[in-house]
Amino acid sequence: MNTACRSLLSTVGRRALLNATRVQHVHKAAAASSPAEPLVQGEPNGPSMKTVIPGPKSIALREELAHIQNSDAVFFFADYEKSIGNYLADIDGNVMLDTYMQISSIPLGYNHPDLMKLTQSREYQALSVNRPALGNMPDRNFVQRLHGALMSIAPKGHKHVQTMSCGSCSNENAYKVIFIWYNQKLRGGKPYTDEDLQQCLVNQGPACPDLSLLSFKGAFHGRTLGCLATTHTKHVHKRDVPSRDWPVASFPKYKYPLEQNVDYNAKEDLRCLQEVEELFKAYKNKGRPVAGVVVEPIQAEGGDVHGSPNFFRELQRITKKNGAALLIDEVQTGGGSTGTLWAHEQFGLESPPDIVTFSKKMTTGGYYYTDEMHMSEAYRIFNTWLGDPTKIMLLEEFVKVMQRDNLLDVVRRTSSTLEAGLGDIQHQFPKLVANSRGRGTFRAFDLPSMEARDKFVNEMRNAGVQIGGSGPNSVRLRPALIFQPRHAELFLDIMSQVLRSKF
Ligand code: PSZ
């Protein structure tokens, strides 16, 4: 074991090194609220590191994988059988506190006992082995399961849902729903001629209308071709792939702390909203009208960039005024980590967004949609599996556990610990950490540069904390909903130690 890792193993030793004020502060917040026990039994008390990351076994396996496919993005190989709760094990015997949870998915942590039990049922096994084509032959419990899982937690005002397999697949199909809805509205019920229908088979004519979707700079909505035209985070996603001339507006970039920059930030909202209005006009004049607006409640891959509730309310108003649909992409924000099941519920929108897409923590992909977006014809939106009923079963169980264990309350309490603790760390390390921000445990902060951020993420991993980077220089936390104040304290302790000893 390397000495740097060994020195980080003792929580007691670590705490002794900490600034007393911060420790008192964090402990006070946590003592008032945190249950003494972890929510998932069998979790270790902290990380235990045997090697630097990646360890020798991971390096060897990564080289083997490289003969089959590109493995440059592989950090290490995990041992999912040994992982538990908030702790992820790797094949070199390291156990890390996971604040990132498979890119913001895995709502109940690893090997949650209630989910493991569910997989033993005959129903789960039959649906897993005999994966149904849900659009043609759903199983006998499918309708009941949709009620128990997806409809029971639908965003306010939504009573329709379509399942899909992943986030990109959900957005891609939701985009199609918007185009179909918009174009049918434009045509006012006028039927296509036989010639139109023949032409559309080769991508021509009025049945292939020239429409667009408006998205925002810094947005991420997936990497498939349609989604990619609305994704604007990194050129590595986009270079060499043909795309579309669709409008891209600025997303607000606020100054923090928010309370000290109210005027500046309000002007920022206005600037971006004016751009949206102008783009609606410009694309209409170009003959490529905007059928819909797609937006994340918090730009996640883009670096945790937040828009104000007022920005979203005004955006909805402009979208409606222009006869377009509003799609809120909750792939990363949905499922509870922002403190509410759906982040957009915190914006006080005048009416439900037309479409809300989800995946990640929701276990299954899919989208909720309003009455207006309903398809009146079979096979307009379709594919082989249309999702996976075993994932809906897991979601149903997740919903039960979330309610039983008051997990949204846990998120809110952990959020207070994190907010206070990161605020203190910002004070202690003003040259290193800035712009702490977030809703719930969906939090981020900035380091001075991409190099410093990458070093921080690596050092944290070697110190036993799995954490994510995003945007040019941000670090993001995306823990499971079972990440309690006790885990937050441990994270804050390790972070302080890493900043002190490695920078
Ligand atoms: O690099 C990548 O492909 C990544 S890393 C994280 C994501 C993708 N997030 C996926 C994502 C998202 O955050 C939002 C807001 N919308 C859509 C997607 C696409 O979801 P998947 O990856 O399931 O296709």
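The values are calculated or read from the model by the stated rules, or taken from the named source; none is laboratory data. This one's a predicted model, so the numbers in the text were calculated from it and none came from an experiment. Heads up, the Cβs are rebuilt from the backbone with ideal geometry, glycines too, and the neighbour counts pull from every protein chain shown. Areas reflect the complete protein model, heavy atoms only, side chains present, ligands, DNA and RNA absent. Shrake-Rupley method; radii C 1.70, N 1.55, O 1.52, S 1.80 Å.
Please verify whether the stretch 437-446 includes one or more residues that are without any contact (Cβ under 8 Å) to a residue 40 or more places away in the chain, in a helix (DSSP H, G or I) and either over 23 Å from LEU341 (Cα atoms) or in contact with a strand residue (DSSP E or B) (Cβ under 6 Å, 6 or more places away or on another chain) (or both). Taking every residue of the stretch 437-446 in turn, none turns out to be without any contact (Cβ under 8 Å) to a residue 40 or more places away in the chain, in a helix (DSSP H, G or I) and either over 23 Å from LEU341 (Cα atoms) or in contact with a strand residue (DSSP E or B) (Cβ under 6 Å, 6 or more places away or on another chain) (or both). The set of residues from the stretch 208-227 being within 10 Å of the ligand (Cβ to nearest atom) and not β-branched (Val, Ile, Thr) comprises ALA219, PHE220, HIS221, GLY222, ARG223, CYS227.
Can you pull out every residue in the stretch 270-294 that is open to solvent by less than 50 Å² (accessible area, probe 1.4 Å) and either part of a helix (DSSP H, G or I) or touching a strand residue (DSSP E or B) at 6+ places or on another chain (Cβ under 6 Å) (or both)? Before the answer, list the steps.
First pass over the stretch 270-294, keeping only residues open to solvent by less than 50 Å² (accessible area, probe 1.4 Å): 272-273, 275-276, 279-280, 282-283, 287, 289-294.
Hits for the stretch 270-294 are CYS272, LEU273, GLU275, VAL276, LEU279, PHE280, ALA282, TYR283, VAL290, GLY292, VAL293, VAL294.
For the stretch 234-257, which residues satisfy the criterion of being within 23 Å of the chain's Cα centre (by Cα), of a type in the set (A, V, I, L, M, F, W, C) and open to solvent by 50 Å² or more (accessible area, probe 1.4 Å)? VAL236 - this is the single residue of the stretch 234-257 that is within 23 Å of the chain's Cα centre (by Cα), of a type in the set (A, V, I, L, M, F, W, C) and open to solvent by 50 Å² or more (accessible area, probe 1.4 Å).
Of GLY339, GLY365, GLY334, which residue is open to solvent by less than 10 Å² (accessible area, probe 1.4 Å), more than 11 Å from the ligand (Cβ to nearest atom), of a type in the set (Gly, Ala, Ser) and touching a helix residue (DSSP H, G or I) at 6+ places or on another chain (Cβ under 6 Å)? Before the answer, list the steps.
On the way: GLY365 fails: more than 11 Å from the ligand (Cβ to nearest atom); GLY334 fails: more than 11 Å from the ligand (Cβ to nearest atom).
Exactly one of GLY339, GLY365, GLY334 is open to solvent by less than 10 Å² (accessible area, probe 1.4 Å), more than 11 Å from the ligand (Cβ to nearest atom), of a type in the set (Gly, Ala, Ser) and touching a helix residue (DSSP H, G or I) at 6+ places or on another chain (Cβ under 6 Å), namely GLY339.
Residue under question is GLU314, and the condition is that it be open to solvent by 10 Å² or more (accessible area, probe 1.4 Å), part of a helix (DSSP H, G or I) and of a type outside the set (A, V, I, L, M); does it hold? Considered against the rule, which asks whether it is open to solvent by 10 Å² or more (accessible area, probe 1.4 Å), part of a helix (DSSP H, G or I) and of a type outside the set (A, V, I, L, M), GLU314 comes out as yes.
In the set (1) open to solvent by 10 Å² or more (accessible area, probe 1.4 Å); (2) among the hydrophobic types (A, V, I, L, M, F, W, C); (3) within 30 Å of TYR110 (Cα to Cα), the condition left unmet by MET375 is number (3). Taking residues in the stretch 269-296 that are at positive phi, and partners anywhere that are open to solvent by 10 Å² or more (accessible area, probe 1.4 Å) and at pLDDT 95 or above, the pairs with Cβ atoms closer than 9 Å and at least 6 places apart or on different chains are GLY287/ASP210. Just wondering, is there one or more residues in the stretch 150-160 that are touching a residue at least 24 places away in the same chain (Cβ under 8 Å), hydrophobic (A, V, I, L, M, F, W, C) and within 16 Å of the ligand (Cβ to nearest atom)? So far as the stretch 150-160 goes, no, none of its residues is touching a residue at least 24 places away in the same chain (Cβ under 8 Å), hydrophobic (A, V, I, L, M, F, W, C) and within 16 Å of the ligand (Cβ to nearest atom). Of the set (1) crowded, with 24+ Cβ neighbours inside 10 Å; (2) on the phi > 0 side of the Ramachandran plot, all apply to GLY303 but (1).
May I ask you to verify whether GLY205 is in contact with a helix residue (DSSP H, G or I) (Cβ under 6 Å, 6 or more places away or on another chain) and within 16 Å of the ligand (Cβ to nearest atom)?
Values: in contact with a helix residue (DSSP H, G or I) (Cβ under 6 Å, 6 or more places away or on another chain): yes; within 16 Å of the ligand (Cβ to nearest atom): no.
No; evaluated as a whole, the condition is false for this residue.
Filtering the stretch 327-346 to residues that are more than 14 Å from ALA219 (Cβ to Cβ) and either of a type in the set (Lys, Arg) or not in a helix (DSSP H, G or I) (or both) leaves GLY334, GLY335, GLY336, SER337, THR338, GLY339, THR340, LEU341, TRP342. Restricting attention to the stretch 317-326, the residues that are crowded, with 24+ Cβ neighbours inside 10 Å and either in a loop (DSSP other than H, G, I, E, B) or away from the ligand (no atom under 16 Å from the Cβ) (or both) total 1.
Does SER168 satisfy the criteria of being surrounded by 22 or more Cβ atoms within 10 Å (Cβ to Cβ) and farther than 21 Å from GLN332 by Cα?
Details: surrounded by 22 or more Cβ atoms within 10 Å (Cβ to Cβ): yes; farther than 21 Å from GLN332 by Cα: no.
No: the conditions fail for SER168.
Inspect the stretch 283-291 for any residue being within 16 Å of the ligand (Cβ to nearest atom) and either small (Gly, Ala, Ser) or out of contact with any Lys or Arg (no Cβ under 7 Å at 6 or more places or on another chain) (or both) and give the result as yes or no.
If we filter the stretch 283-291 for residues that are within 16 Å of the ligand (Cβ to nearest atom), which is where we start, we get none.
No, the conditions are met nowhere in the stretch 283-291.
In the stretch 166-181, the residues that are near the ligand (Cβ under 10 Å from one of its atoms) form Cβ pairs under 7 Å with partners that are in a helix (DSSP H, G or I), at six or more places apart or across chains, as follows: GLY167/LYS360; SER168/CYS227; ASN171/CYS227; GLU172/GLY226; GLU172/CYS227.
Taken together, MET101, MET116, MET96 contain a single residue that is within 16 Å of the ligand (Cβ to nearest atom) and within 27 Å of the chain's Cα centre (by Cα), which is MET101. Every listed requirement among (1) in a loop (DSSP other than H, G, I, E, B); (2) open to solvent by 10 Å² or more (accessible area, probe 1.4 Å) is met by PRO353 save one, (2).
Would you mind listing the strands (runs of 3 or more DSSP E) fully within the stretch 45-121 where at least 3 residues are open to solvent by 10 Å² or more (accessible area, probe 1.4 Å), within 22 Å of LEU418 (Cα to Cα) and at pLDDT below 95?
Numbers: elements: 78-84, 87-90, 95-98.
Ranges flagged: none.
Among the residues of the stretch 192-201, is any open to solvent by 50 Å² or more (accessible area, probe 1.4 Å) and within 21 Å of the chain's Cα centre (by Cα)? No, the stretch 192-201 contains no residue that is open to solvent by 50 Å² or more (accessible area, probe 1.4 Å) and within 21 Å of the chain's Cα centre (by Cα).
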